[in-house]
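> Quick one: the structure is below, questions incoming.
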Amino acid sequence: MLLLLPLISVTAAATPPSLTSFYPLGAARGAMVTVTASGTFERWPVRAWVSGPGLTFEAGEEKGKLTAKVADDAVPGIYWVRLFDEQGASPLRPFRVGHFPDLLEVEPNDAPEKAQRCEALPIAIHGKFAKRGDVDSYSVTLKAGETLVASLEGQRLGSPMDAVLQVASSDGLVLSQAEDSVGLDPLLAFRAPRDDRYLVRAFAFPATPDSTIGFAGGDAFLYRLSLTTGPFLDHPQPMAVRPNGPSTIDAVGWGLPEGLKLMTQPMAEPGLVRVWGPELDQSVDVPILNFPHVFTGLIDQPKRANSHTLAANKGQSWRVRVMARSLGSPLDAALRVLGPAGMVLAEQDDAGNRRDPEVSFKAGEEGTYKVEVRDVTDQAGPRHFYRLEMFEPKPDFAPTLADDRVVLIAGKSVEVKVTLNRLDGLDGPIEVRCEGLPEGVTAEPVVSEGKGASAKEVKIVLKAPAESSLFQGTIGISGNAKVGEANVERHAQATINGFEQTTSRVWLTVGKP
């Protein structure tokens, strides 16, 4: 998507907005709310770019205040937002669109007797651990047999916290506790033993441990806490879709109506779809995979190992990997491959800097091979899900960028370095090019020949003539390589600052000197 702004100019010493977060961290479908943007804004008003349809922002008169408007049919999930002005754009920051009504935290609510009352569920509470030692308490009424699902999103939305959730009795006795359920964020499901009012308490430690002992807090410790006794989506089944899409996608979670089928929404990022349901507050982004063997599994009994079979020919190479922690599962997966005679051929706990395992092996004989998945510590539960992928590795590549923002001054040029991560023996040429450039801006394709320094990285040069129109918007950078008889295209990805997610949409600012 391109965005032309004919009245904007950029100087060489650009100082764009430095957005760090929004408060509240999100809004419900159909809502219009005032949000506060934290960061540095030397010029106001700013404009906003959003990663998907259904969410818009409009700057107010007061610096740092914006109005967020969420369409009635917006798909729940995380939307990525940039604020920009005549000097350029901010880093991407998340904004959570949900289905539950929103409620702002009201202090003081530390002590049980001062807990903030939530009269009706479901609800999405936007809060902050404002200072060290801060504990936020909320009071809810439950009937015997009702299941309360409490999910705190903090780290996922950019907060530097390792949060803890508790459900306690009205007099403060802890009945249930959760932490590190989805990454460092807690999620718990509590079944009420009797009709009563219960306390939901939240507090946090710093995501990066330090020398202090105690609960952490500060302006950056923002969270979104959803509370519901109704439907809650934990993950879809399956955890991936085929290029032509599966016939059905089932929902796994709590309080889900029988026969609920999920829908998919294409995403702007290549290779991903968003899985969601119209009455659900949650959605899950899953990949489009064309592997021959993809399974979604669950370790639901302690000390259990799930077995999957694979028919392989002699001399055939295979790669097997498990995705669990990276998908928000608490499963600490271990992977083992056994040959037809039962001999262990490969096993792995963690692969590289990931907590998910991956192994490669070559079949020594034709036959049926067994792939086992278990939890390292023999833990199990209804959330110990995983995705197992088995495929024959083929030459490939993954282009990456150091930054997702580029500033180009009219009459000058700028170099963008593209790192080429060659995989599984790809040693042929890769052509790198820019897509979606505004009128007047050019970038000649660059070819990496597969040898020498250019095998690892290339520099593509963007040029703008002196008479170039002013521009703010997104472009793409991609590579193309010949693999056998097929042309393989890969979009260059940049890691979003402060997050594990990546984006292929590079923000280009073209301005005057």
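The values are calculated or read from the model by the stated rules, or taken from the named source; none is laboratory data. All of these numbers come straight from a predicted model, not from anything done at the bench. Here Cβ is always computed from backbone atoms with ideal geometry, including for glycine, and neighbour counts include all displayed protein chains.
> Looking at this structure, is Ile475 of a type outside the set (S, T, N, Q), farther than 15 Å from Pro270 by Cα and either modelled with pLDDT of 95 or more or surrounded by 21 or more Cβ atoms within 10 Å (Cβ to Cβ) (or both)?
Working: of a type outside the set (S, T, N, Q): yes; farther than 15 Å from Pro270 by Cα: no; either modelled with pLDDT of 95 or more or surrounded by 21 or more Cβ atoms within 10 Å (Cβ to Cβ) (or both): yes.
Taking the combined requirement at face value, the residue does not satisfy it.
> Of Phe100, Phe57, Phe84, which residue is among the aromatic types (Phe, Trp, Tyr), in contact with a Pro (Cβ under 8 Å, 6 or more places away or on another chain) and more than 19 Å from Arg274 (Cβ to Cβ)?
Result of the check over Phe100, Phe57, Phe84: Phe84.
> Take the residues of segment 393-435 that are acidic (Asp, Glu) and touching a strand residue (DSSP E or B) at 6+ places or on another chain (Cβ under 8 Å): which is surrounded by the fewest Cβ atoms within 10 Å (Cβ to Cβ)?
Result: Glu415.
> Would you call Pro438 touching a strand residue (DSSP E or B) at 6+ places or on another chain (Cβ under 9 Å), assigned to a loop (DSSP other than H, G, I, E, B) and in contact (Cβ under 8 Å) with a residue 24 or more places away in the chain? Don't jump to the end; show me each part of the working.
Values: touching a strand residue (DSSP E or B) at 6+ places or on another chain (Cβ under 9 Å): yes; assigned to a loop (DSSP other than H, G, I, E, B): yes; in contact (Cβ under 8 Å) with a residue 24 or more places away in the chain: yes.
For Pro438, the condition - touching a strand residue (DSSP E or B) at 6+ places or on another chain (Cβ under 9 Å), assigned to a loop (DSSP other than H, G, I, E, B) and in contact (Cβ under 8 Å) with a residue 24 or more places away in the chain - is met.
> Okay, next question. Any residue at all in segment 497-505 that's basic (Lys, Arg), within 26 Å of Gly52 (Cα to Cα) and in contact with a Phe, Trp or Tyr (Cβ under 7 Å, 6 or more places away or on another chain)?
There is no residue in segment 497-505 that is basic (Lys, Arg), within 26 Å of Gly52 (Cα to Cα) and in contact with a Phe, Trp or Tyr (Cβ under 7 Å, 6 or more places away or on another chain).
> Name the residue, out of Arg387, Arg336, Arg355, that is in contact (Cβ under 8 Å) with a residue 12 or more places away in the chain, surrounded by 14 or more Cβ atoms within 10 Å (Cβ to Cβ), not in a strand (DSSP E or B) and not polar (S, T, N, Q).
Arg355
> Right, here's the next one. Test Leu175 against the criterion of being surrounded by fewer than 17 Cβ atoms within 10 Å (Cβ to Cβ), part of a strand (DSSP E or B) and of a type in the set (A, V, I, L, M), and give yes or no.
Taking the combined requirement at face value, the residue satisfies it.
> So which residues in segment 219-234 are under 10 Å from Ser159 (Cα atoms) and part of a loop (DSSP other than H, G, I, E, B), if there are any at all?
Within segment 219-234, Asp219, Ala220, Phe221 qualify.
> Among the residues that make up segment 253-272, is at least one of them of a type in the set (Lys, Arg), surrounded by fewer than 19 Cβ atoms within 10 Å (Cβ to Cβ) and touching a residue at least 24 places away in the same chain (Cβ under 8 Å)?
Within segment 253-272 (the criterion being of a type in the set (Lys, Arg), surrounded by fewer than 19 Cβ atoms within 10 Å (Cβ to Cβ) and touching a residue at least 24 places away in the same chain (Cβ under 8 Å)), the answer is no, since none of the residues qualifies.
> Sticking with this structure for a sec: Out of all the residues in segment 269-278, is one or more touching a strand residue (DSSP E or B) at 6+ places or on another chain (Cβ under 9 Å), aromatic (Phe, Trp, Tyr) and more than 22 Å from Pro236 (Cβ to Cβ)?
No, segment 269-278 contains no residue that is touching a strand residue (DSSP E or B) at 6+ places or on another chain (Cβ under 9 Å), aromatic (Phe, Trp, Tyr) and more than 22 Å from Pro236 (Cβ to Cβ).
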